[in-house]
Amino acid sequence: MSPILIERIQTIVVDLPTIRPHKLAMHTMQQQTLVIIRVQCSDGIEGIGEATTIGGLAYGNESPESIKQNIDSHLGPLLVGQEAANINAAMLHLDKAAKGNTFAKSGIESALLDAQGKRLGLPVSELLGGRVRDSLEVAWTLASGNTAKDIEEAERMLDIRRHRIFKLKIGAGEVNADLKHVIAIKQALGERASVRVDVNQARDESVALRACRILGDNGIDLIEQPISRVNRGGQVRLNQRSPAPIMADESIEGVEDAFSLAADGAASIFALKIAKNGGPRAVLRTAQIAEAAGIALYGGTMLEGSVGTLASAHAFVTLNKLTWATELFGPLLLTEEIVTHAPVYRDFQLEVPRTPGLGLTLDEERLAFFARK
Ligand code: MUC
Ligand code: MG
């Protein structure tokens, strides 16, 4: 039998409105831009993937435009003619020829997994070794920039039983204003919710230590990336001194970072993100390092749409212990869909489909409508 080959890779940049501005320390999102990747194979099967970041180049080293360009000019041509069913060989081939670009590689790996799942009639989770759960608890991010609005939003999420874990994006303004904002929200929600913060590297160590102590003493359950990813010594010291556990997010730009963070004792929780590791298979290598080092796991997001969210979810449902749950709410931040059946969120959980591949079908009309011309 002749091997099934990768024949064509197509990238589509899609701009979708958000339900409200989403305010992070380094950028306020007014919309989200997805890069959808379509991989056509010689057996007629198409795999879909997504490579999405936040705020152009505000968050990481790749922008939607650079992801598209690098796939169109470099990664795509490297893959054409490779065996579609041997995802391991295809990704090793890419890694040998192209450095970095984990966001682009993650979208490609997701698409290859989707195609292989459709080919074999298996969900991607089963290609990744097999799921140990069918759904994942999902946190919501409160990031309107306004304390009263955030409390109102959290109350609504509790009422409709969609989220009971809230992550607050802080770090854009003055530290004392941040502390006031976070403590007010925690006091309003009390024991009905877990409240956590994400500082997105915005503080320096001198400010962060005091803030971590105050946050921990006021019932905040977790502090994500308080200082710069490059200040490793500071991260180690904060991890030793903060009463609330420290989670590494931006510090992990690949599996090697995960190893050195674990070796240095720089965090007690890892945010797992397929985009920052190079795909659903790659992120599980980071998870394994964490598990071996006794570091707890959290299923992170780059605020992907439905395709990237389910690519992440299929990886996360294979994990034994996700102590800190996930934040796979990306599709809920968008007002529009580009798939025929949106992922299902029910009773605080995201349900992970058992249908072949990622379990999604692109809505061609909506995709064409929102595709950047
Ligand atoms: C981040 O830094 O974790 C995840 C949720 C959210 O609101 O922003 C992202 C990025
Ligand atoms: Mg983060």
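For the list (1) among the small types (Gly, Ala, Ser); (2) more than 27 Å from Pro331 (Cα to Cα); (3) modelled with pLDDT under 95, I need the number of the one condition that Gly234 fails.
(3)
Could you tell me whether the range 200-210 includes any residue that is within 16 Å of ligand 2 (Cβ to nearest atom) and free of Cβ contacts under 8 Å to residues at least 40 places away in the same chain?
yes
Which is loosely packed, with under 15 Cβ neighbours inside 10 Å and touching a helix residue (DSSP H, G or I) at 6+ places or on another chain (Cβ under 9 Å), of Leu112, Leu120, Leu142, Leu127?
Residue meeting the stated conditions: Leu120.
For Asp159, only one of the following conditions fails: (1) closer than 29 Å to Arg346 by Cβ; (2) in contact (Cβ under 8 Å) with a residue 24 or more places away in the chain; (3) not hydrophobic (A, V, I, L, M, F, W, C). What is its number?
(2)
Hey, could you check the range 216-256 for residues that are away from ligand 1 (no atom under 16 Å from the Cβ) and closer than 20 Å to Gly278 by Cα and say which is farthest from the chain's Cα centre (by Cα)?
The qualifying residue farthest from the chain's Cα centre (by Cα) is Glu256.
Looking at (1) in contact with a helix residue (DSSP H, G or I) (Cβ under 7 Å, 6 or more places away or on another chain); (2) within 16 Å of ligand 1 (Cβ to nearest atom); (3) under 20 Å from Arg372 (Cα atoms), can you tell me which one Gln31 breaks?
Answer for Gln31: the failing condition is (1).
Hey, can you tell me all the residues within the range 288-317 that are over 24 Å from Ile36 (Cβ atoms), of a type in the set (Gly, Ala, Ser) and crowded, with 24+ Cβ neighbours inside 10 Å?
Ala290
Could you please find all residues in the range 173-197 being charged (D, E, K, R), closer than 19 Å to Glu155 by Cβ and buried (at least 17 other Cβ atoms within 10 Å of the Cβ)?
Result: Lys186, Arg196.
More than 16 Å from Gly308 (Cβ to Cβ), small (Gly, Ala, Ser) and within 16 Å of ligand 2 (Cβ to nearest atom) - does that describe any residue in the range 89-99?
Scanning the range 89-99, I find no residue that is more than 16 Å from Gly308 (Cβ to Cβ), small (Gly, Ala, Ser) and within 16 Å of ligand 2 (Cβ to nearest atom), so the answer is no.
Since Phe369 meets every condition but one in (1) in contact (Cβ under 8 Å) with a residue 12 or more places away in the chain; (2) among the aromatic types (Phe, Trp, Tyr); (3) surrounded by fewer than 22 Cβ atoms within 10 Å (Cβ to Cβ), which condition does it not meet?
The one condition Phe369 does not meet is (1).
Can you tell me which of Gly234, Gly219 is surrounded by fewer than 20 Cβ atoms within 10 Å (Cβ to Cβ) and at positive phi?
Of Gly234, Gly219, the one residue that is surrounded by fewer than 20 Cβ atoms within 10 Å (Cβ to Cβ) and at positive phi is Gly219.
Go through (1) at pLDDT below 95; (2) surrounded by 15 or more Cβ atoms within 10 Å (Cβ to Cβ) and name the single condition Arg20 misses.
(1)
Can you pull out the residues in the range 354-373 that are outside any loop (DSSP other than H, G, I, E, B), among the aliphatic types (A, V, I, L, M) and within 20 Å of Ser312 (Cα to Cα)?
Within the range 354-373, Leu362 is the sole residue that qualifies.
Going by the conditions given, is Ala148 within 16 Å of the chain's Cα centre (by Cα) and either surrounded by fewer than 22 Cβ atoms within 10 Å (Cβ to Cβ) or within 16 Å of ligand 2 (Cβ to nearest atom) (or both)?
Considered against the rule, which asks whether it is within 16 Å of the chain's Cα centre (by Cα) and either surrounded by fewer than 22 Cβ atoms within 10 Å (Cβ to Cβ) or within 16 Å of ligand 2 (Cβ to nearest atom) (or both), Ala148 comes out as no.
Condition first: in contact with a strand residue (DSSP E or B) (Cβ under 8 Å, 6 or more places away or on another chain), among the small types (Gly, Ala, Ser) and under 17 Å from Glu46 (Cα atoms). Now tell me which residues in the range 63-111 satisfy that.
The answer is Gly76, Gly81, Ala84, Ala90, Ser106, Gly107, Ser110, Ala111.
The values are calculated or read from the model by the stated rules, or taken from the named source; none is laboratory data. What you are looking at is a predicted structure, and each value in this text was computed from that prediction instead of being measured. Here the Cβ is made from the backbone with ideal geometry for all residues, glycine too, and neighbour counts use every protein chain on show.
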